[in-house]
Amino acid sequence: MQRFLLFFLIAYCFLFFIIAREVGGLPVGLFIDTLFLIILIGAILLSSKDDWKNLNLDIFYLLLIWLGVSLLEGFNPGSSVDGWINEIRSTAIYPFLAVMLGLMSFKSNRDLDVFLIVVVGLSTLATLNGLKQLYIGLTPGEQAFLRDNAGTHLLWGRLRVFSFYSDAGQFGASQAHIGLMALIISLAPMKTWKRISFACLGILNIYGMLISGTRGALFAIIIGGLVAIILSKNFKALVVGGILAVGVLGILKFTHIGDSNYQIYRLRSALNPEDASLNARLINQQNLKTYMADLPFGGGPGVTGYYGGVYNADKYLSTVPPDSYFVKIWMMYGVVGLTIWFCIMMYIIGSCCGIAWNIQNKTLKTKLIALTAGAAGILFCSYGNEVINLMPTSIVVYLSWVFVHKGKKLDQSEISTLLT
C-alpha cells in the first residue's frame, strides 16, 4: 500500500498544476503534505523491523541533519513564522520524508522499473501537452496563467511552453532531466523494441526542453551526460562524447547556424556572457554580498522568493529575486547554511557515483547511472534557476537517490523483466 501511495504521489506531483489552473480555489499544494502524512502513518503502523533498518544509511542521517538546521532556523528573527513554515516544506521536510519513506517502501528491481516507467511516461505526457500548447492552443486555465505571466512566458511574440508545470523554467529543466535519463536507459541490455522506445522518448523530451525556451536546462544535459560517460567506464565513449559536446557548444557559441529556429536561437543565448539576464543576476549577487556579510545564518527560510513576497514583504531580501537556488539557500540560511547544504548535496551525488561505479549487473548499472546523471545535472542546473526544490523534479531526484543507495541490495536480487 505504501508503494502504491508513493507512486500516486509521484503522479500527483507531475499533474497537480492542471487542477490548480483548470479548477482553481483548491489547496493543491497541501494535498502533497496530506499524502506524505498518510504514507508516513502507514509506515509507522505497518513497517517491520527490517524496514526501519533500511534507514541506517548516510543519506538518511544527512537529510535529518539538514532538517534539524532548518528547524533551528525558526529562531532566526529575519523571517516570519508563516514564511519559515511554508518554505521548509520544500527545502527540508519533503526531501527528508521522500528519502525516508522511499528507503522503507521500495525493495525490489521491479519497484525501480515501475518508477522509471512512471517518470518517463508522465514526462512524455507533459511534452505532448507542451506540443499542444505550441501548435494547437491553450486551455482557459493556461490562457489565464499566460495573461498573468506574459512578461516571462511570451517573449518577442513567442510562447515559452510550460505544459502542466509551475512555469517554463521548471518544465524545461525537467524535460532535460528525464530526457537524458531515458536516453541513458536506452543503452541498457534489454529487448530492442524497448531500447528504441526509450531512445525515442528521450529525444521527444529533449525537444520539450527546447520549446520551453529554458536556456539553463542545456547544462543539465551536459553535466549529466559527462557523469554518465565517466560512470560507464567507457573511456573511448568519454573521448568521443567530449569531442561531440565541445563541438556542439562551439557551434552554439561561435556560429549562427540554426538562428532561424527560435528554440536554437534562444538556447544559444545561454552561452552569451553579455546576456542582459545573466548580468542582472550577477549584479544582484554583488549587491547581496555586502548585505549578507552581517548575516552568517541568513535572513531565515521564507524571507525571499514567493513566500518572501507573501509573508515578509517588509524585508529587503524579499525584494531581491534569488534566481539561483544556490543564492536562495545563501539568502535564507547564510554562508553557514549554504556550506552545510552544498556539502550534503555533493556527498550524496558522490556516494551515488561510487555505488553506480561498483554495480556488477550491467542492466541495473545503466539504470542507476541514469538516475545519478540526472540528479547531478539537476543539481548543477539549480545554480542558474530554482529547480531541485520544485515539483515534480524534486521528488524524482529524491527518489533517484533512494534507488541508487539501494543499489547494492538490488544488485544481489533478481532483475525485473519490465526493463530487460
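The values are calculated or read from the model by the stated rules, or taken from the named source; none is laboratory data. Keep in mind the model is a prediction, meaning the values are calculated, not measured. Glycine gets a Cβ as well: all are built from the backbone with ideal geometry, and neighbour counts include every protein chain shown.
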Task: helices (runs of 4 or more DSSP H) wholly inside the stretch 330-420 containing at least 2 residues that are over 12 Å from the mean Cα position of the chain (by Cα) and hydrophobic (A, V, I, L, M, F, W, C) - done: 362-381, 393-405
Open item on the list: What pairs come out if I take residues in the stretch 308-334 that are without any contact (Cβ under 8 Å) to a residue 60 or more places away in the chain and pair them with residues that are in a loop (DSSP other than H, G, I, E, B) and of a type in the set (A, V, I, L, M) whose C-beta lies under 6 Å away, six or more apart or interchain?
Closed with: 334/295
- [ ] Tell me which residues, restricted to the stretch 365-376, are in contact with a Leu (Cβ under 7 Å, 6 or more places away or on another chain) and either modelled with pLDDT under 95 or surrounded by fewer than 24 Cβ atoms within 10 Å (Cβ to Cβ) (or both).
- [x] 366
TODO: Determine whether the stretch 395-416 contains at least one residue that is closer than 24 Å to residue 191 by Cβ, out of contact with any strand residue (DSSP E or B) (no Cβ under 6 Å at 6 or more places or on another chain) and acidic (Asp, Glu).
DONE: yes
- [ ] Tell me, please, whether a residue that is crowded, with 17+ Cβ neighbours inside 10 Å and assigned to a helix (DSSP H, G or I) can be found in the stretch 193-201.
- [x] yes
Open item on the list: One residue is enough: does the stretch 172-185 have a residue meeting the conditions surrounded by fewer than 24 Cβ atoms within 10 Å (Cβ to Cβ), hydroxyl-bearing (Ser, Thr, Tyr), closer than 25 Å to residue 135 by Cα and within 13 Å of the chain's Cα centre (by Cα)?
Closed with: no
Open item on the list: List the residue pairs whose Cβ atoms are under 8 Å apart, where the first residue sits in the stretch 1-13 and is of a type in the set (A, V, I, L, M), the second is not in a helix (DSSP H, G or I), and the two are 6 or more positions apart or on different chains.
Closed with: 6/106; 10/392
Open item on the list: If residue 113 satisfies all but one of (1) under 20 Å from the mean Cα position of the chain (by Cα); (2) among the acidic types (Asp, Glu); (3) within 20 Å of residue 390 (Cα to Cα), what's the number of the condition it fails?
Closed with: (3)
- [ ] Would you point out which residue out of 58, 33 is in contact (Cβ under 8 Å) with a residue 12 or more places away in the chain, of a type in the set (Asp, Glu) and closer than 24 Å to residue 404 by Cβ?
- [x] 58
Task: Subset of the stretch 289-307 [among the β-branched types (Val, Ile, Thr), outside any helix (DSSP H, G or I) and without any contact (Cβ under 8 Å) to a residue 60 or more places away in the chain] - done: 304
Task: Among (1) part of a helix (DSSP H, G or I); (2) of a type in the set (Gly, Ala, Ser); (3) touching a residue at least 40 places away in the same chain (Cβ under 8 Å), the one test that residue 166 misses - done: (1)
TODO: Answer yes or no as to whether residue 33 is of a type in the set (Asp, Glu), under 21 Å from the mean Cα position of the chain (by Cα) and in a helix (DSSP H, G or I).
DONE: yes
Task: Members of the stretch 114-149 that are free of Cβ contacts under 8 Å to residues at least 60 places away in the same chain and closer than 14 Å to residue 213 by Cα - done: 133
